[in-house]
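Below: one structure, written as structure tokens.
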Amino acid sequence: MVYNKRELLDGFTLAEVLITLGIIGVVAALTMPVIIKGKERKELETGFKKQYSVLQNAFTRLNLDKGEVYVRDNSRGTRKFKSEFITYFNVLSDCKFEDCSKINGKSIYKDLTNKYDMYQTYIDDGQFITTDGALFMLNDATDEPFLASFDVNGPKKGPNRLGYDVFVFQLMNNGKLAPMGAEGTWFTDEKYCNTSKPDMRSGLTCAYKALENADYFKKLP
């Protein structure tokens, strides 16, 4: 027997239709947050890979222009490196030394666990925002390694957390850029990329994990 559309609709009561719509609503309410979270994590992963490539390319061009491997000691503690390095990026806004990572003098960046402020001293020797919205931050302190960090989507878009959208890299003595957490970098302890161990430095070594683990962003809490 063949039913037309009118006959099929006449076969359902108002209560049945409402129940069906209610079920659809519940399913949507349960699945939409998962879909949205997955999309956000994928955007963070894409941004991480892109800005890592941009950062590597900048150091490569710097070395080529100099005709030698950049030696960090040349600018140790002088805060002069930024003025040269910034020329290798498409810059939208110059944040001077730390203007873009603070609001009313307070850091906008948190550690991986979202319980502590990120160490401002790791990112306060030069900052700038690129035309694609990323924020690059430098550390050129006298008694510390040279660090280059980036926020993949900039300070105005969250979550502004180490290990989520903020990642740290170290310029090694051989001129190569290494993700913090890799062998030989300043911090290698896995506790600094562990959401169950709150610490002001939590998230510092996540750059290495993000590069080594294909499922890193999918498994973010």
Suppose every Lys and Arg Cβ carries +1 and every Asp and Glu Cβ carries -1, with no other charges. What dipole size does the range 36-158 come out with about its Cα centre, to the nearest 20 debye? 500
Hey, fewest Cβ within 10 Å first, where do 19, 123 land in order? 19, 123
If the cut-off is 17 Å between C-alpha atoms, which aspartates and glutamates fall inside it for residue 102, apart from same-chain ones fewer than 8 positions away? 94, 111, 117, 124, 125, 151, 165
Rounded, prolate or oblate: which one fits the range 135-211, using the alpha carbon gyration tensor with axes a ≥ b ≥ c (rounded when a/c is under 1.5, else prolate when a/b beats b/c, else oblate)? oblate
Reachable lysines, given that their alpha-carbon falls under 21 Å from the alpha-carbon of residue 218 and they are not under 8 places away in the same chain: 37, 39, 42, 49, 50, 110, 157, 191, 197, 209
Taking 196, 93, 149, 107 and counting other C-beta atoms within 10 Å, the order from fewest to most: 196, 93, 107, 149
For residue 82, give me every one of the lysines with a C-alpha distance below 17 angstrom, ignoring sequence neighbours fewer than eight places off in its own chain. 66, 96
Once R0 is set to 25 Å, what does the formula 1/(1 + (r/R0)^6) return for the Cβ-Cβ distance between residue 156 and residue 56, expressed as a FRET efficiency to the nearest 0.05? 0.50
Footprinting proxy, 117, 215, 165: sorted fewest to most Cβ within 10 Å, the residues are 215, 117, 165
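Each value in this text was obtained by applying a stated rule to the coordinates, not by laboratory testing. Because the structure is a prediction, the values reported are computed rather than measured. Cβ coordinates were reconstructed from backbone atoms using ideal geometry, including for glycine residues, and neighbour counts include every protein chain displayed.
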